[in-house]
Each structure stands twice: as C-alpha cells, then as structure tokens.
Amino acid sequence: MRMGPGEDLLGSIKSLVRQRGIREGVILSLIGTLRAVQVRYYLGPEGQRVVKRSGHYELVNGSGIFFTDQEDVFVHAHFEVSSLSETLGGHLVEGNIVDAVAIAVVAEVEDADLKSLVKS
C-alpha cells in the first residue's frame, strides 16, 4: 500500500486490514519518509518509553505481524528510521506521520494463528 503526506503509518495499515477483511498477515517491508516519529522501547520490568522526534526521517526498514481480534486490528511491528544525525528503531506505534510517501508491503496468511504468538 502507498501512503501520502500526513497519513499515520500504523493507522493506515490498520485501515487497509479492516477494508480488505484480512484476518491475519505479515508486514514484509516498510519504506518511505516521515516528518514525525514515535518509537516505543520495551524496558523490561521498568516498563516502556516512547521517544518522539520531528523533522525529516527516512523509514529504512520495518516488519511485523498483524491479526484481527473481533473489531480491533492488533499490529506488532518493529521499524527503523534515520536522519542525518541519528538512527532509531523499536516498536511501531501511532504518531508516525508520512512526509512525502511511505510504502507498506503486507501479505495475508491463513491458518497461522498469529494471535497465539503474541497473546496468551
């Protein structure tokens, strides 16, 4: 799927999954440019931390899984972004806003029971 300026990366992926009625699948690739970045880090027993940045960032990599749980779409994806001065990587959350363009390559899978891998 192709996303344009101002679109939220995660929100757009969830919308595509809902519109196409996909029950479970994989995110094979994420590339493009972002003007706002939010990366969530898992800190173990200390919890989580979200790092926020704005500016011009290249979305250089991303992959993950997703499944539909009743009406909700659950996405567990990791991604990496870079600017001229830093590289960030971690969990994909809402708030990653497309600058010029972003592309997500997603594929539907059947009978993989991806939900059991991340929820118990």
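The H on the amide N of Val101, modeled in the peptide plane, is under 5 Å from the matching H of Thr33, each at least 5 residues off or on a different chain. For the chain, adding -39500 (n - 2.57) for each run of n ≥ 4 DSSP H residues and dividing by the number of residues yields -3500 deg cm²/dmol at 222 nm.
Measure nothing but the geometry: give the 0 to 90° angle between the long axis through the Cα atoms of 9-20 and the longest principal axis through the Cα atoms of the chain, rounded to 10°. Its long axis makes an angle of about 30 degrees.
You can think of it this way: the chain between Ser15 and Glu71 has 19.0 nm of extra reach, that is 0.36 nm per residue less the Cα-Cα gap. In a GNM of the chain with a 10 Å cut-off on Cα contacts, which of Thr87, Thr33, Thr68 has the highest mean-square fluctuation? Maximum among the listed residues: Thr87.
Using a Gaussian network model of the chain in which every pair of alpha carbons under 10 angstrom is joined by a spring, one finds that among Ser54, Ser85, Ser29 the greatest mean-square fluctuation is at Ser85.
Classify the chain: rounded, prolate or oblate, from the alpha-carbon gyration tensor (a ≥ b ≥ c, eigenvalue square roots; a/c under 1.5 rounded; otherwise prolate if a/b is larger than b/c)? Kindly include the intermediate steps, with their values, before the conclusion.
Numbers: a/c = 2.11, a/b = 1.32, b/c = 1.60.
Oblate, because a/c is 1.5 or more while a/b does not exceed b/c.
Readers should treat all values here as calculations from the given coordinates under stated rules, not as data from a laboratory. Keep in mind it's a predicted model, so treat the numbers as computed, not measured.
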